[in-house]
Amino acid sequence: MRNYRIAAMGGDGIGPEVIAAGVEALRVCVERDGGFTLDFTDFDWGSDYYRKHGVMMPADGADQLRKFDAILFGAVGAPDIPDHVTLWGLRLAICQPLDQYANVRPTRVLPGITSPLRNVTGPELDWVIVRENSEGEYSGVGGRAHRGLPIEVAQDVSIMTRAGVQRIMRYAFRLAQGRPRKLLTVVTKSNAQRHAMVMWDEIAAEVAAEFPDVTWDKMLVDAMTMRMVIKPGTIDTIVASNLHADILSDLAAALAGSLGIAPTANINPERDAPSMFEPIHGSAFDITGKGIANPIATFWTAAMMLEHLGEKPAAERLMRAVERVTADPALHTPDLGGKATTRQVTDAVCAALRAAND
């Protein structure tokens, strides 16, 4: 029997609600498959932990997580705590030490969900965005001086290394190579950022030579936003810097129908530390505790986690259950224009899993 140790971390806002739903569905996956087990350990790190201890997680938090096979993470952020404190205190404090340098964000229009794009019915929008997740604009290099004075100065420095760009480019090319269209778009801003992003472009061309079967093109990030809206069918796999991909993936989720359906995987490709899986919708404090958070993003995220662990049949079964549920408008939560609750959607996905005849 294959056993996997999973660190479950609800975090803030609706995070605990959707992670609880995800764990429930995963337990049904285990029950349905019968060939593996999942051993969950809960962590209470987040904003409540910060209010008690002055930190988002213990100083050895990342080291505590190393013994797990994967991390299932909810959300981080609270209205009364500055965003840079919560992000750097928890999510980035996990991703960077565990070298989860490939942030993977698939996007497609699920059955029953309507894209806001008038000519998109589904197959025209099926993308994977690969976000460099360890350096760039989120490197943490910079500082402030002369605080409060007229001469106050603040600086954030985007750091890109040859090693960092090479590895994310190779990851993106390999991912594109494994998809049917074998098509990759490299997003850049080298017309304005004439040092780091020019190196980004140069390395992309170098790595492309290793993948002659992959068709690739290059596009400025501002033009890419227009292409995503106007010509979604010309896109398949995208690779972009930490900040650019962060923004583009939120746009992609909205074009697919809602942030509430969008998953993320923070991958350590070398597998010398656990990878972390999270929905991208954030803490959504405006609906916290109302029982209407959309758990679909977490279910899709959980499927990505299962596939990463090597349990592909269970991952595929979970995604089929998700698609069966989204196809029913009566099971759409308010973010999708419906009235369903978190509980109703979770129950429906679990029922679909139990009823699967494959």
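The values are calculated or read from the model by the stated rules, or taken from the named source; none is laboratory data. Just so you know, these numbers come straight off a predicted model, no measurement behind them. Cβ: placed from backbone, ideal geometry, glycine included. Neighbour counts: every protein chain shown.
Odds and ends about this structure:
- Selected residue (only one of LEU259, LEU255, LEU184 is modelled with pLDDT under 95, surrounded by 18 or more Cβ atoms within 10 Å (Cβ to Cβ) and within 30 Å of ARG118 (Cβ to Cβ)): LEU259
- The condition of being more than 16 Å from the chain's Cα centre (by Cα), among the polar types (S, T, N, Q) and at pLDDT below 95 holds for only one of THR86, THR41, that being THR86.
- Unique residue being of a type in the set (Lys, Arg), under 18 Å from MET304 (Cβ atoms) and modelled with pLDDT of 95 or more when the list is ARG66, ARG51, ARG105, ARG91: ARG105
- Restricting GLU307, GLU316 to those that are free of Cβ contacts under 8 Å to residues at least 40 places away in the same chain, farther than 28 Å from PRO116 by Cα and outside any loop (DSSP other than H, G, I, E, B) reduces the list to GLU307.
- Selection status of ALA78, surrounded by 19 or more Cβ atoms within 10 Å (Cβ to Cβ) and either over 26 Å from HIS332 (Cβ atoms) or modelled with pLDDT of 95 or more (or both): yes
- Residues (assigned to a helix (DSSP H, G or I) and not charged (D, E, K, R)) located in the range 199-226: MET199, TRP200, ILE203, ALA204, ALA205, VAL207, ALA208, VAL221, ALA223, MET224, THR225, MET226
- Residue within the range 334-350 that is buried (at least 24 other Cβ atoms within 10 Å of the Cβ) and part of a loop (DSSP other than H, G, I, E, B) present: no
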